[in-house]
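The structure appears right after this line, and notes come after that.
The values are calculated or read from the model by the stated rules, or taken from the named source; none is laboratory data. Please read these numbers as outputs of a predicted model, since none were measured by experiment. With ideal geometry, Cβ positions are generated from the backbone for all residues, glycine too; neighbour counts draw on all protein chains shown.
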Amino acid sequence: MATAGSLSSAAAITRTSPATLSRQINRLEEITGCALFLRTPAGYRLTEDGRELLDRCRPLLAIRDDLKTWRNATQGPGVRVSAGTWTALFLSRNLGRIWRPSDPHRIVLQTTEARLGIAHRQIDIGLRNGPPTEANLAGRKLVDVAYAPYRSRYLAGDVVPGWIAVHPDHAVTRSARWVLENHAANCVIFASAPRTLLDLLHMQAGRAVLPCIIGDTDPGLVRDGSTIDELAEEQWLVLHDETRHRKEIRTVADRIVDLVTASSECYAGKLGHE
């Protein structure tokens with residue numbers, strides 16, 4: 001009111017009605033025991049007490065504005081999606097299918113092999129290799145997932161490549177452990193993270209196990225064997241039962257469902273060849 005000068009202008013700024021604003025001003029004057037404004041036909045003008053109160057409030061207003069700036073930079077509508085290395089890579093490569101610049105929300109893509117707690121609101125959407133087991137979670141099976149060994153397309157055909165594997169200290173996924181359990185003696189390079197396997201494959205460093213959705217869609221790779229039955233699994237989308245109907249979460253979840261299910265044949269390894 002001090003800066004707007006009239007009820008109607010102040011009501012527009014504060015997004016409230018002039019009547020409500022008038023009652024709030026009257027209440028403030030009752031609490032302080034001071035007449036803060038002069039009511040005139042031309043509008044509201046601060047009294048001497050009103051100016052003194054405004055001066056005392058200016059540091060608080062500066063703090064308020066600073067907090068707003070901080071909040072806008074760090075908070076705001078966001079949808080937190082948790083996925084393993086390869087699923088996160090697939091989502092990233094198809095980002096335009098799950099998020100658009102015109103969306104009012106942001107995407108927080110958390111790449112981790114750990115199963116983050118949806119029940120404890122660590123994330124909003126989880127892409128997992130099995131149905132939810134915790135209470136208050138809702139799950140939907142999306143696709144069957146197949147894995148196969150791959151090598152660089154440009155690696156000479158008569159070369160028998162060694163295996164590229166995730167180091168035993170970091171082998172937390174089933175596919176990483178499978179390579180160690182079955183081909184440890186033939187591993188020539190170890191990496192600390194699954195994503196590095198893909199870079200090493202492109203450098204013609206050997207062969208590695210990838211999900212077919214990654215290997216079969218990479219023009220620089222070819223299969224180096226059949227799909228691995230022991231690694232067959234499912235992919236599930238998991239949401240919290242209480243928050244899954246929030247508009248931004250539902251929007252992102254529906255888009256992920258459409259994207260993943262449209263690629264079901266590739267996920268299942270039915271489109272690739274050795």
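Lys247 satisfies every condition listed in (1) touching a helix residue (DSSP H, G or I) at 6+ places or on another chain (Cβ under 7 Å); (2) loosely packed, with under 14 Cβ neighbours inside 10 Å; (3) among the charged types (D, E, K, R) except (1).
For the subset of segment 123-174 comprising residues that are among the acidic types (Asp, Glu) and under 24 Å from Leu91 (Cα atoms), which member is farthest from the chain's Cα centre (by Cα)? My answer is Asp144.
Within segment 124-159, take every residue that is in a strand (DSSP E or B) and in contact with a Phe, Trp or Tyr (Cβ under 6 Å, 6 or more places away or on another chain) and give me the one that is nearest to Ala205 (Cα to Cα). Steps first, answer last, please.
Step one: list which residues in segment 124-159 are in a strand (DSSP E or B), which gives 125-128, 137-145, 147-152.
From what is left, the residues that are in contact with a Phe, Trp or Tyr (Cβ under 6 Å, 6 or more places away or on another chain) are 128, 139, 141, 143, 145.
Working: Arg128: 30, Gly139: 39, Lys141: 35, Val143: 31, Val145: 25 Å.
So the residue we want is Val145.
Take the conditions touching a residue at least 24 places away in the same chain (Cβ under 8 Å) and under 21 Å from the mean Cα position of the chain (by Cα) and apply them to Leu271. Does it pass?
Numbers: touching a residue at least 24 places away in the same chain (Cβ under 8 Å): yes; under 21 Å from the mean Cα position of the chain (by Cα): no.
For Leu271, the condition - touching a residue at least 24 places away in the same chain (Cβ under 8 Å) and under 21 Å from the mean Cα position of the chain (by Cα) - is not met.
Give segment 251-274 a look and list any residue that's of a type in the set (A, V, I, L, M, F, W, C) and at pLDDT 95 or above, or say none. Result: Val252, Ala253, Ile256, Val257, Leu259, Val260, Ala262, Cys266, Ala268.
Residues in segment 146-188 that are closer than 18 Å to Arg223 by Cα, of a type in the set (A, V, I, L, M) and at pLDDT 95 or above: 6 in all.
Of these, Ser17, Ser22, which one is without any contact (Cβ under 8 Å) to a residue 40 or more places away in the chain, surrounded by 11 or more Cβ atoms within 10 Å (Cβ to Cβ), small (Gly, Ala, Ser) and touching a Leu at 6+ places or on another chain (Cβ under 7 Å)?
Result: Ser22 is the single residue among Ser17, Ser22 that is without any contact (Cβ under 8 Å) to a residue 40 or more places away in the chain, surrounded by 11 or more Cβ atoms within 10 Å (Cβ to Cβ), small (Gly, Ala, Ser) and touching a Leu at 6+ places or on another chain (Cβ under 7 Å).
Taking into account only those residues within segment 170-212 that are in contact with an Asp or Glu (Cβ under 8 Å, 6 or more places away or on another chain) and among the basic types (Lys, Arg), which is surrounded by the most Cβ atoms within 10 Å (Cβ to Cβ)? The extreme case among them is Arg207. Among the residues making up segment 136-174, those that are basic (Lys, Arg) and within 22 Å of Gly84 (Cβ to Cβ) are Arg140, Lys141, Arg174.
Please work out which residue is surrounded by the most Cβ atoms within 10 Å (Cβ to Cβ), limiting yourself to segment 213-242 and to residues that are hydrophobic (A, V, I, L, M, F, W, C) and within 28 Å of Leu137 (Cα to Cα). Break it down stepwise before answering.
Quick first cut of segment 213-242, residues hydrophobic (A, V, I, L, M, F, W, C) only: 213-214, 221-222, 228, 231-232, 236-239.
Right, trim to within 28 Å of Leu137 (Cα to Cα) and you get 213, 231-232, 236-239.
Working: Ile213: 28, Leu231: 18, Ala232: 14, Trp236: 17, Leu237: 22, Val238: 24, Leu239: 22.
Checking each candidate, the answer is Ile213.
Looking only at segment 34-54, decide whether some residue is closer than 27 Å to His105 by Cα, modelled with pLDDT under 85 and either among the aromatic types (Phe, Trp, Tyr) or out of contact with any Cys (no Cβ under 8 Å at 6 or more places or on another chain) (or both).
In the first step, residues of segment 34-54 are kept if they are closer than 27 Å to His105 by Cα; the result is none.
Checking segment 34-54: not a single residue is closer than 27 Å to His105 by Cα, modelled with pLDDT under 85 and either among the aromatic types (Phe, Trp, Tyr) or out of contact with any Cys (no Cβ under 8 Å at 6 or more places or on another chain) (or both).
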